[in-house]
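Worksheet: one structure, shown below.
The values are calculated or read from the model by the stated rules, or taken from the named source; none is laboratory data. These figures come from a predicted structure and were not determined experimentally. Every residue, glycine among them, receives a Cβ derived from its backbone with ideal geometry; neighbour counts consider all protein chains shown. The protein model used for the area step is the full one, side chains on, heavy atoms only, and it has no ligands, DNA or RNA in it. Shrake-Rupley method; radii C 1.70, N 1.55, O 1.52, S 1.80 Å.
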Amino acid sequence: MGRLETSDKQSVHLVENEIQARIDNIFSNLERLEILSSKEPPSKRQNAKLRVDQLKYDVQHLQTALRNFQHRRYVREQQERQREELLARTFTTNDSDTTIPIDETLQFNESLQNAHRGMDDLIGSGTNILQGLRDQRVTLKGTHKKILDVANMLGLSNTVMRLIEKRAFQDKYFMIGGMILTCVIMFLVVQYLT
């Protein structure tokens with residue numbers, strides 16, 4: 001692992017492969033040791049299994065350390081690649097990646113302004129309708145007041161109205177009686193003259 005930390009970029013892969021091969025070899029030897037430890041006499045079996053488990057634990061730590069080193073190396077190489085790409089890139093003033101879609105933004109802004117104007121028009125017409133309703137209310141209140149005044153005035157001349165109704169009722173009987181009398185006279189005239 002110490003050689004892995006100090007190796008250069010070209011030989012790091014060879015060292016990693018060598019370490020991985022040795023770890024795999026250790027794992028296979030540990031599996032054989034585990035089988036052999038189960039064949040030990042019962043008094044030594046527990047101690048042998050404990051040592052094999054400790055070796056497995058240590059090898060797993062080595063495997064994890066190798067993976068961490070590989071991950072750090074991968075991240076470092078990726079950062080170096082990105083840095084090189086960024087330094088190698090040439091920027092121009094009219095690069096297609098740096099253009100801003102102003103036309104779409106202007107159309108969107110115009111649409112918003114049109115919607116805003118439409119809402120203002122709706123609010124204005126609603127205000128005008130509300131003002132018209134208020135004016136009608138004032139007019140209806142004045143008319144209601146005049147009707148109450150007329151009703152009060154009619155209440156004073158209520159007796160006069162009763163006399164007029166009584167007279168109209170009497171006049172109706174006189175008219176019906178006169179029509180019947182005229183019809184009878186006409187009938188008699190036609191009967192006697194013919």
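By a straight-distance test (C-alpha under 27 Å), which lysines pair with Lys44 as possible cross-link partners, with residues fewer than eight away in the same chain excluded? In chain and number order, the partners are Lys56. The local environment of Leu55, defined by Cβ-Cβ distances under 13 Å, has a net charge of 0 under the rule Lys, Arg +1 and Asp, Glu -1. Using a 1.4 Å probe over the heavy atoms of the protein chains, calculate the carbon and sulfur portion of the accessible area of the chain as a whole percent. Its accessible area is 61 percent carbon and sulfur atoms. Bridging of Lys172 to lysines at a Cα separation below 16 Å is possible for none of them, once same-chain residues fewer than 8 apart are set aside. Accessible area per residue for the chain in Å², computed with a 1.4 Å probe and the full protein assembly in place, what is it? With all protein chains present, the chain gives 88 Å² per residue. Taking the Cα centre of each part, how many Å lie between the range 1-61 and the range 119-175? Cα centres, the range 1-61 to the range 119-175: 110 Å. Between helix 158-193 and the chain there is an angle of about 60 degrees, using the helix long axis and the longest principal axis of the Cα atoms. For the pair Gln54 and Asn128, the difference between a 0.36 nm per residue extended length and the Cα-Cα distance amounts to 17.7 nm. Assuming charge only on the beta carbon of Lys and Arg (+1) and of Asp and Glu (-1), the dipole of the chain about its Cα centre is about 1360 debye to the nearest 20. Partner lysines whose Cα lies under 16 Å from the Cα of Lys49, excluding those fewer than 8 positions away in the same chain, are identified as Lys39. Full extension of the segment from Phe174 to Asn114, taken as 0.36 nm per residue of separation minus the current Cα-Cα distance, would add 13.8 nm.
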